[in-house]
Structures are given as C-alpha cells and as structure tokens.
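To start, the structure itself, in structure tokens.
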Amino acid sequence: MKERRQYNKRRIGAEYEKVAGAYLEERGYVILEYNYRCKLGEIDLIAKDGEYLVFCEVKYRADERKGHPAEAVDLRKQKVISKCALYYVTEHALEETACRFDVISIEKDEITLYQNAFDYIG
C-alpha cells in the first residue's frame, strides 16, 4: 500500500511540475529540465529567465491542512537544492552564469511564483 501511495505522490507531483512549467513558459521562462537528478538529490525545474539560470522547486497542496505549500521548502530542502544546483552548474560549465532559486506554490488552483525565494546555502 505504501508503494502505491509513493507512486501516486510522484505522479501527482509530476503533473503539477508540468503545470508549473507551463506557467513559467507563459511568463517567458525557457524550461531546460524537468526533474533533474544527481547523486546529491533532485530539482523539480531548471529554466532560463533572461540572463538567469533558475532552479525552481514546485510544491502543491490540495488544502492547508499540512500548511502553505511554500513553507515546505525548509532549510534542509534549500540545502539539497543548493547542492544540486552547484552540481548542475559545474557539470554544464556554467560557473559564470547568474543563478536564482524560485519556488512555485500551487494550492488548489492558485499558483504563486516566489522569485529569488532563497539564497544559495553551501
């Protein structure tokens, strides 16, 4: 049963990541990667927004019982995203590229974009 729940969470997460990607594209972002994975963790979306390379975390909640979606991007999650971003930048020789960390919160049908939501945490 737990395996089925994990699969459903992943499937739902992937669906909302696509929704978030479309939302960003409508705002001029160019999506480079969905679900970038490396040995340090994963990043939901990697995109270009003008001169910025954007690492974006997507959080969805059907309601507020578990809190606001953006609150789930806590310090631990920010560290993982930061390490993965550094790995990506190094892997793709993009050290001279300006980077930013955005969070997309999806609650019911409301999408909120938090640009520059947090700084790199090494």
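Can you give the relative contact order of the chain as a percent, counting alpha carbon pairs under 8 Å and 6+ residues apart?
Working: 189 pairs, mean separation 27.6, N = 122.
Relative contact order comes out at 23 percent.
Solvent-accessible area per residue for the chain at a 1.4 Å probe radius, Å²?
Counting only protein heavy atoms, the per-residue value for the chain is 63 Å².
Going by amide H atoms built from the backbone, whose H comes under 5 Å of the H on ALA117, apart from near neighbours?
HN-HN under 5 Å from ALA117: PHE101, ASP102, VAL103.
With the crude spin-label approximation of a point 7 Å out along Cα→Cβ, what separation in nm comes out for TYR52 versus GLU110?
Between TYR52 and GLU110, the simple spin-label model gives 2.2 nm.
Go ahead and estimate [θ] at 222 nm for the chain from helices alone: -39,500 (n - 2.57) per DSSP H run with n ≥ 4, summed, over the residue count, rounded to 500. Could you put the intermediate results ahead of the total?
On the way: 2 runs with 42 residues, N = 122.
Result for the chain, helices only: -12000 deg cm²/dmol.
The values are calculated or read from the model by the stated rules, or taken from the named source; none is laboratory data. Worth saying up front: this structure is predicted, and the values here are computed from it rather than measured. Counting neighbours? That spans all protein chains shown, and the Cβs are built from the backbone with ideal geometry, glycine included. Quick note on the areas: whole protein, heavy atoms, side chains included, nothing else; ligands and nucleic acids left out. Shrake-Rupley method; radii C 1.70, N 1.55, O 1.52, S 1.80 Å.
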